[in-house]
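To keep things clear, I will list the structure first and then write my remarks on it.
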Amino acid sequence: MMQPQASSWQLPPAMADTAAPMDGAFHFIFWFSVVFAVLVIAVTLLFIQKYRRQKSDQRSGKAEKGAPTPSRNKLEILWTVVPTLFIIVLFHVGFSAYIHNVTAAEGATEIRVFAKKWSWEFEYGGGARSPDLHLEVNKPYKLILSSEDVIHSFFIPEFRVKRDAVPGQYSFVAFTPTAVGEAHVFCAEYCGTNHSAMLAKVFVEEPAKHEEFLASFGRKPKLCGTPPVECTEEKWGESLFTEKACFTCHGTGGDGKLGGSPSPGPKLAGIFGHDQPLQDGSTVHVDENYVRESILKPNAKIVAGYANVQMPPFAGSFTDDQLEAVIAYIKSLK
């Protein structure tokens, strides 16, 4: 059984694949700063000693007049270009780690994370929510974060991941736990009186133990149809898609067709995770935020070729749970 390994005396145990690149960047910056701090201090002390005021100057009360400093263009270019290149390298390292932390691996398991004053809740797809995060070791995950009130910041030091949870939109964290053990969730954005108590535990478990947790975890059934029967979130989203008559504009199953002819609205099937061309000539990547915005504010980003189509906004027509069910349904369309 793999156990968490402390990467250094300065950092907590590393328990996810996201830790290594962050630790590498941290250690490089730290030791680079130490070396140059010592160098600068040493040179400063040397100059203080070498160019100190002489006793002869103290007796006469006159200071020796220094020679004019000549212009050294090559030196000035050097100390401008070298730090700039260093900053570019650091940006590349940091941005690469950022992209890794928000890009989920193929087939990653999705977990919804709900932030509110002053607690975290985690939903594993069954509807019920847990106050703690349970993960299976060596399994890729994508966490979809949102806030019910103010801005919070989801932070797991052992995973080296931190991401804001913002009201009205989704943000993402992706990682693969690599060691069995316990980690901790903190809120890293001040959010009110009990900000410091907004904590949760992370349990990284072996596959068998994780299956036991999922089997024993309480489920909150979704109800679809008439009479209502228990169904998956995607099925619930499909029933809402039908109930709100979305098919009249987007086709049955979002296939973009009605009676063999193109539907009035754009095709929805198969668009999730791909780029969508817009009327203004730009493109947008279809993710949870884009789908949510398109439902609540349909005119915010108009798909190319559909400038004259007026879709009614559904703001206020869906609860958050219903909205997420419709998004889950659209994500499932192929």
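The values are calculated or read from the model by the stated rules, or taken from the named source; none is laboratory data. Computed from a prediction, not measured in an experiment: that's the story for all the values here. So basically every Cβ, Gly included, is an ideal-geometry build from the backbone, and we count neighbours across all protein chains shown. Surface accessibility is based on the protein's heavy atoms, side chains included, excluding ligands, DNA and RNA. Shrake-Rupley method; radii C 1.70, N 1.55, O 1.52, S 1.80 Å.
For the stretch 223-332, how big is Rg over Rh, using alpha carbon atoms and the Kirkwood form of Rh?
Radius of gyration relative to Kirkwood radius: 0.96.
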With only helices counted (DSSP H, runs n ≥ 4, each -39500 (n - 2.57)), the per-residue ellipticity at 222 nm for the chain, to the nearest 500, works out to -11000 deg cm²/dmol
Accessible surface, the chain, averaged per residue in Å² (probe 1.4 Å): 59 Å²
Which cross-chain or sequence-distant (5 or more) residues have an amide H under 5 Å from the amide H of Gly265, H modelled 1.01 Å from N in plane? His250
Which of Thr232, Thr178, Thr69 is most accessible, then next, and so on - probe 1.4 Å: Thr69, Thr232, Thr178
So, in nm, how far is label Glu206 from label Phe28 when the simple model puts each one 7 Å beyond its Cα toward the Cβ? 3.8 nm
Provide the per-residue ³J(HN,Hα) series for the stretch 320-334, in order, calculated from phi with Karplus coefficients 6.51, -1.76, 1.60 and θ = phi - 60°, each as a whole number of Hz, with x at glycine and proline positions. 4, 5, 5, 4, 5, 5, 5, 4, 4, 5, 5, 5, 7, 6, 10
At 1.567 mPa s and 4 °C, Stokes D of the stretch 93-216 from Kirkwood alpha-carbon radius, µm² per second: 88 µm²/s
GluC sites (Glu not before Pro) restricted to DSSP loop in the stretch 269-334 with at most 11 other C-beta within 10 Å: none
How far is it, in nm, from the label point at Leu75 to the one at Glu148 when both lie 7 Å from their Cα along the line to the Cβ? 6.4 nm
State the percentage of accessible surface on the chain attributable to carbon and sulfur atoms; use a 1.4 Å probe and exclude ligands, DNA and RNA. 61 percent
The chain, dipole about Cα centre (Lys/Arg Cβ +1, Asp/Glu Cβ -1), debye to the nearest 20: 1960 debye
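Mind checking the dipole of the stretch 223-332: about its Cα centre, +1 per Lys or Arg Cβ, -1 per Asp or Glu Cβ, Debye to the nearest 20?
The dipole of the stretch 223-332 has a size of about 420 debye.
Given the Cα-Cα distance of Val38 and Ser96 and 0.36 nm per residue of separation, how much length would full extension add, in nm?
Full-extension gain reported as 17.9 nm.
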Using all Cα-Cα distances in the chain, what percent lands in each 10 angstrom bin from 0 up to the longest? 5, 18, 24, 19, 13, 8, 6, 4, 2, 1, 0
Name the residue, out of Trp118, Trp31, Trp236, whose mean-square fluctuation peaks in a Gaussian network model built on the chain with Cα pairs under 10 Å. Trp31
